[in-house]
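Just so you know, all these numbers are worked out from the coordinates, no wet-lab data involved. These numbers come from a predicted model, not from an experiment. Cβ sites come from the backbone with ideal geometry, for glycine too, and all protein chains shown count toward neighbours.
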Amino acid sequence: MPVSLDRLIRVKPIYPVYRLDGTRFRIGAQAGVTVDFTDPYGQLWTLVEALDGTRTLGEVAAAVGRAHPGIGVEDVLGAVRDLDGRGFLEDARPSPYDGGDARRYQGNVNYFSHYAGLSAAREQPQDRLRGAHCVLLGLGGGGSYILPMLLAAGFGRITAVDYDRVELSNLNRQFLYRESDLGAYKTAVAARTAREVNPGVEFAAVQRRIESAADVAICAIDEPPFVAQRRVNAGCVQEGVPYVCGGSFVTRGRLFSVRPHETGCMDCLHLYYSRADPSYLAQLAGALRAEHGRVTLAFAPHIALIASLITGEAIRLVTGHAEPIALGRQLDVHFETGELEVMSQWPRDPDGCPVCGDGADAASFAVWAEAESGSPMLR
């Protein structure tokens, strides 16, 4: 990659640089990022010290040449390319997030800088978030955690959908609400919180179906069980909106994400299961009839964990700063052990899926007919 000698470059401030002894130094302080350098003549150390962002690369090369005669510009450029390839360098120009109201996102930009380099601006993911619209379906256990994280992340526009009022039984894990909010619509409390936390976000809270386009959607609703998520899947696939779906169970949380017409959707998942297991449809029909979702089982630390994974996945889908971790696969987090496990990974089924494909397997989807009874949030 060509690098201009007029460019201001620095070692990323998020990485500490320090000597280990007279011939070795280290960049970074995290497993998987940290690199130890053996530098018996101190040439690379001189270069790294000079890459402080106050000098052009040409001036840096001149300073290294003065300290170590015989080290030329091409030697410096080669070392700079190596350091950039290891992810340690960034453009040192002033950032629009260094001051003013945008400074609230400086920590985000510093985080995103880990994924950037000399060929990509560290501000790019944050810029994408500020231009993006996220639809959050549900302000209950998961949604009440996710909303503050979306506000802090800096989505330019957030639309939250819910139709419930705040109840006393919500307060063991839904920290968006207070006792003084009992009886109020969750959407009203969410709108107040959005104004207080980040007035720069265009926020709307509604109790009806969403019909506007979005860049990403998050499904944090679980009633009616299975049916609600399937309806969200159908709407997002129809509109071409990527989405993340997840929730908390007894000792596990689960999430998966879908990029319409690229990865398998939720109906593709049900087809995949039904073809792999002859008893799957009977199990699904039984679960739909049982209405087990009426039992509230929620432990705040566990919900916070799965909610953070869901939010992070939505941000990855929007910014592309890192690969999504649950795209086209069900990812479980074991609350007791902290381990992540891929429960299933399924392909898109363009021939059989009635939602993202051209097929309609009537036998596979007959189990939904009785359950599709309507929901104020989705109808």
Inset, instruction - Whole Å is fine, so just give me how far the alpha carbon centre of the range 140-191 lies from that of the range 227-258. - result: 19 Å
Legend entry - Estimated FRET transfer efficiency when R0 is 41 angstrom, pair LEU20-LEU297 (beta carbons, to 0.05): 0.25
Inset, instruction - Could you calculate the contour length gain from PHE175 to ARG7, that is, 0.36 nm times the residue separation minus the distance between their Cα atoms, to one decimal place in nm? - result: 55.8 nm
Legend entry - Estimated distance in nm for a label pair at ALA290 and ARG275, the labels positioned 7 Å out from Cα along Cα-to-Cβ: 2.7 nm
Legend entry - Pairwise Cα inverse-distance average, inverted: Kirkwood Rh of the chain (Å): 23.5 Å
Legend entry - Cβ-derived FRET efficiency at R0 22 Å, ARG192 paired with ASP101, nearest 0.05: 0.60
Legend entry - Potential extension, ASP75-VAL206 segment - 0.36 nm per residue separation minus Cα distance: 41.1 nm
Inset, instruction - Only bridges with both residues in the chain count here: give the DSSP antiparallel percent, nearest 5. - result: 60 percent
Legend entry - At R0 = 35 Å, FRET efficiency that the Cβ-Cβ distance of THR251 and LEU168 yields, to 0.05: 0.85
Inset, instruction - On a 0 to 90° scale, report how tilted helix 300-319 is relative to the longest principal axis of the chain, with both axes built from alpha carbons and the result rounded to the nearest 10. - result: 70 degrees
